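Participant: What follows is a single structure, and I will ask about it in a moment.
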There are 2 protein chains.
Amino acid sequence: MARWEPNARERLQAAALELFEERGYDRTTVGDIAARADLTERTFFRYFTDKREVLFSGTEEFEKLIVSGVASAPETMSPLDVVVAALAASSPFFETRRATARKRQALIAAHAELRERELIKFTRLAGTLVASLRERGVAEPTAALLARTGMTLFQNAYERWIEDGKKRDLAHHMHASLAELRLLTAEPASAKPRRKASSGSAGG
Amino acid sequence: MARWEPNARERLQAAALELFEERGYDRTTVGDIAARADLTERTFFRYFTDKREVLFSGTEEFEKLIVSGVASAPETMSPLDVVVAALAASSPFFETRRATARKRQALIAAHAELRERELIKFTRLAGTLVASLRERGVAEPTAALLARTGMTLFQNAYERWIEDGKKRDLAHHMHASLAELRLLTAEPASAKPRRKASSGSAGG
């Protein structure tokens, strides 16, 4: 019988992370996850299309944050700053996930099928960014370059955020990544090599 | 009987592209490809691990070009210029593939399993770039940011190269993409919005 289950999504996610840690990702089935969460498999599939999706269920919310962030950015803001501001606006969303973010990332790094799913999600997010920038009147090849650059900055910031012992938020790391990219692109061709390139203020 | 087949790799690739066009990617089997190339399935699997790989067999050669490009760049060159120069050095390699590049890209765009494979190849190339930059003494988070930025510029340049009616080479488009990124990152936060962002000299 389908009935309302309080916090079913969150219970399933917590159960999945527990089980992935206890017995490994490969040896955990959807049935195991549902049982641990005291729910049915049928309920699992109302929330997630497959086992992988348990780790990526926040993507749609993140996507909405990006779209509204780009749409609401001031007219006078440069396109790259719009992209960075929109991605940085997701900072509170990620803050609520800090406790599990590191475990989740280690799982993804260890499983090719999860890395694939993550790459596809990033590509989808880049596509969303392109569409949002087009809405603002940014031309096509520039929009694609901006979107990919934004995702590059996000991935860099996310890795620094996960490792950050000082627990500074994602917005901090987005701006640190942007500052570093500005430094890297500003360097003239004749500049001295940066043998010990600084990790700026972003390191953990 | 295994025997030496002249240009087996190239014959298989040409046969695959022909068949993908004639009857569609999904309806073409490895057996079909081998038969069209007048070779055996066994020979096919000596060159490619699966049907997808026929479209990605140049990756290793491209990877070697990147590694040697980074290693041989002048000491005084800035890290981003090193990355761009190494990727631009692959220009002749891609020029020999210009005739089929557009068809190949349309196939990839139309099939999720090919897009996945392409994403994985790009991630692998970014990893190679990181390792090569580490060899030059570039620190870890900076190396990752540079590698992803390089792949972003490459993807952008590749798309422009494919669409370029004037047939300018990939090196031209790499430098045009870098010039555009420099423009985008140089813009101050208070700049006027670029409602009609120019595609620079890179458009087709």
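The values are calculated or read from the model by the stated rules, or taken from the named source; none is laboratory data. Note that the coordinates shown come from a computational prediction; the quantities given were computed from them, not determined experimentally. Heads up, the Cβs are rebuilt from the backbone with ideal geometry, glycines too, and the neighbour counts pull from every protein chain shown. These accessible areas exclude ligands, DNA and RNA; they are computed on the full protein's heavy atoms, side chains included. Shrake-Rupley method; radii C 1.70, N 1.55, O 1.52, S 1.80 Å.
Participant: Got a number for residues in region B:135-146 being open to solvent by 30 Å² or more (accessible area, probe 1.4 Å), in a helix (DSSP H, G or I) and facing another protein chain (nearest Cβ under 10 Å)?
Facilitator: Of the residues in region B:135-146, 2 are open to solvent by 30 Å² or more (accessible area, probe 1.4 Å), in a helix (DSSP H, G or I) and facing another protein chain (nearest Cβ under 10 Å).
Participant: Given the condition among the hydroxyl-bearing types (S, T, Y), without any contact (Cβ under 8 Å) to a residue 24 or more places away in the chain and open to solvent by less than 50 Å² (accessible area, probe 1.4 Å), answer yes or no: does some residue in region A:29-38 qualify?
Facilitator: Our first condition is that a residue be among the hydroxyl-bearing types (S, T, Y); within region A:29-38, this holds for A:29.
Retained after the next criterion (residues that are without any contact (Cβ under 8 Å) to a residue 24 or more places away in the chain): A:29.
Applying the additional criterion that residues be open to solvent by less than 50 Å² (accessible area, probe 1.4 Å) yields none.
Within region A:29-38, none of the residues are among the hydroxyl-bearing types (S, T, Y), without any contact (Cβ under 8 Å) to a residue 24 or more places away in the chain and open to solvent by less than 50 Å² (accessible area, probe 1.4 Å).
Participant: Being in contact with a helix residue (DSSP H, G or I) (Cβ under 8 Å, 6 or more places away or on another chain), away from every other protein chain (no Cβ under 14 Å) and of a type in the set (S, T, Y) is the filter here; which residues of region A:78-101 pass it?
Facilitator: Once the filter is applied, which keeps residues that are in contact with a helix residue (DSSP H, G or I) (Cβ under 8 Å, 6 or more places away or on another chain), away from every other protein chain (no Cβ under 14 Å) and of a type in the set (S, T, Y), region A:78-101 yields A:S90, A:S91, A:T100.
Participant: So, in region A:115-130, exactly how many residues are more than 9 Å from chain B (Cβ to nearest Cβ) and free of Cβ contacts under 8 Å to residues at least 40 places away in the same chain?
Facilitator: Number of matching residues: 3.
Each row is one residue, and each column tells you yes or no for (1) within 7 Å of chain A (Cβ to nearest Cβ); (2) closer than 18 Å to A:A186 by Cα; (3) modelled with pLDDT under 95.
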| position | (1), (2), (3) |
| --- | --- |
| B:R148 | yes, yes, no |
| B:L153 | no, yes, no |
| B:W161 | no, no, no |
| B:D169 | no, no, no |
| B:E187 | yes, yes, yes |
| B:K196 | yes, no, yes |
| B:S199 | yes, no, yes |
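Participant: Quick test for you: out of A:A101, A:A112, A:A85, A:A71, pick the one residue that is in the same structural domain as A:A157 (by TED's automatic domain parsing), of a type in the set (A, V, I, L, M, F, W, C) and without any contact (Cβ under 8 Å) to a residue 12 or more places away in the chain.
Facilitator: It is A:A112.
Participant: Any residue that is open to solvent by 20 Å² or more (accessible area, probe 1.4 Å) and over 30 Å from B:F20 (Cβ atoms) - is there at least one of those in region B:94-113?
Facilitator: Within region B:94-113, not a single residue is open to solvent by 20 Å² or more (accessible area, probe 1.4 Å) and over 30 Å from B:F20 (Cβ atoms).
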